[in-house]
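The values are calculated or read from the model by the stated rules, or taken from the named source; none is laboratory data. Only a predicted model underlies this, so the values are computations on that prediction, with no experimental measurement involved. In this analysis, Cβ positions are derived from the backbone assuming ideal geometry, glycine residues included, and neighbour counts consider all displayed protein chains.
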Amino acid sequence: MQPKNSIRRKPAFPDGMLIVLGVIILCVIVTWFIPSGQYDRILDASGRQIVDPNSFHYIESEKISLLRIPHFIVEGTIAQAEMIFFLLTIGGCYEIVMHTGVLQAIIARMAKWKVRDMAFILVFTLVFAVIAAPAGGVVSFIGFAPIFVMIARAMGYDALVGVSLVLLGGAVGAAAGPITPFTTGVAQGIAELPLYSGLSYRIICMLVLWIVTALFIARYAKKVRLDPSKSYVYDLEQVQKNQEVEKHYDTDLSARQIAILVIFILGLCLIIYGSLRLNWSNRVHMQIHLCMSVILAIVGKFNPNETVRVFVRGAKGMLAAALVLGLSQY
């Protein structure tokens, strides 16, 4: 019999790396049952390799052994070495920016703006969408959830509204990915497209997602404000409604932080302009990110050891994505 105090845990969703590995194993197995075929690749007018949709033909089947999977992983990682280092340099550079506290200060300052109701929701979903657009995720901003929970409760909403502003707002920018190097940049590199091409289309998509998300949050917020018992976390609100948030962010931007913000924005603009107008490759972008990291560390008055430690921490955060990229090559 199962012990009474045992807890039945829900099965965890598999990690992205496991999913890719599972696909590789499945593809190796089906080579023994499905006939092989391929499309030819041709060069278009711009010199980019594309697939000829009318060129499919069967080829001699090659039954692949499961023992060759490690070979594919190693070769795929080597083939994607440039993109992997691209991700590592971006992760390190962004971590240095986050370590300066400039983005945290901007968001905390905006949280003090005297805006109400729909304007409050529209403004801050857009703020987190814009900030998450280059970052490619919302993990860095989870620490702001307690601040916005406090603000939402003070305005008559519940904690879920405050958390939604941070997570759903950030998800809008990450999903649209107008200038996200980890998703858009990697995908366009694999597809041999100019980096950040189609920017205007993705910005339009982000605006549409922003409006839909803001209206979704506002609809729920209005319902909770009119009748608090409609809250999905009503019981939790009754227990914790008087609890204060202990975490605090300094909202005063120093001259040094303003300089860091300007350098960071100029660097992003330089990368976008160089990609769209000058056809810069990822190797140039890596050099810019490395230079930005050094300049930002100097302006932020980081000592050499601190600079290396923060940069490595950011690069380490991108390691999983880099490994998935290598796994997915073949």
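General observations
- Filtered residue count, segment 57-66, keeping only those that are assigned to a strand (DSSP E or B) and in contact (Cβ under 8 Å) with a residue 24 or more places away in the chain: 0
- Just one of the listed residues (ILE73, ILE69, ILE106, ILE84) is of a type in the set (A, V, I, L, M, F, W, C), closer than 25 Å to VAL262 by Cα and in contact (Cβ under 8 Å) with a residue 40 or more places away in the chain, namely ILE106.
- The one condition in (1) surrounded by 15 or more Cβ atoms within 10 Å (Cβ to Cβ); (2) farther than 15 Å from PHE86 by Cα that MET286 fails to fulfil: (2)
- Selection status of TYR220, assigned to a helix (DSSP H, G or I), touching a residue at least 60 places away in the same chain (Cβ under 8 Å) and not assigned by TED's automatic domain parsing to the domain that holds ASN279: yes
- Looking across segment 30-68, just one residue is surrounded by 11 or more Cβ atoms within 10 Å (Cβ to Cβ), in contact with a helix residue (DSSP H, G or I) (Cβ under 8 Å, 6 or more places away or on another chain) and of a type in the set (A, V, I, L, M), and that is ILE64.
- Any hit, segment 160-179, residues being under 18 Å from the mean Cα position of the chain (by Cα), within 26 Å of GLN49 (Cβ to Cβ), not hydrophobic (A, V, I, L, M, F, W, C) and not in a helix (DSSP H, G or I): yes
- Whichever residue in segment 294-330 is within 22 Å of ILE258 (Cα to Cα) and touching a Gly at 6+ places or on another chain (Cβ under 6 Å) and, among such residues, is modelled with the highest pLDDT: PHE311
- Among the residues of segment 76-98, not a single one is part of a helix (DSSP H, G or I), crowded, with 19+ Cβ neighbours inside 10 Å and at pLDDT below 80.
- Residue tally, condition closer than 25 Å to ARG202 by Cβ and either in the same structural domain as ASN282 (by TED's automatic domain parsing) or modelled with pLDDT under 75 (or both), over segment 103-133: 4
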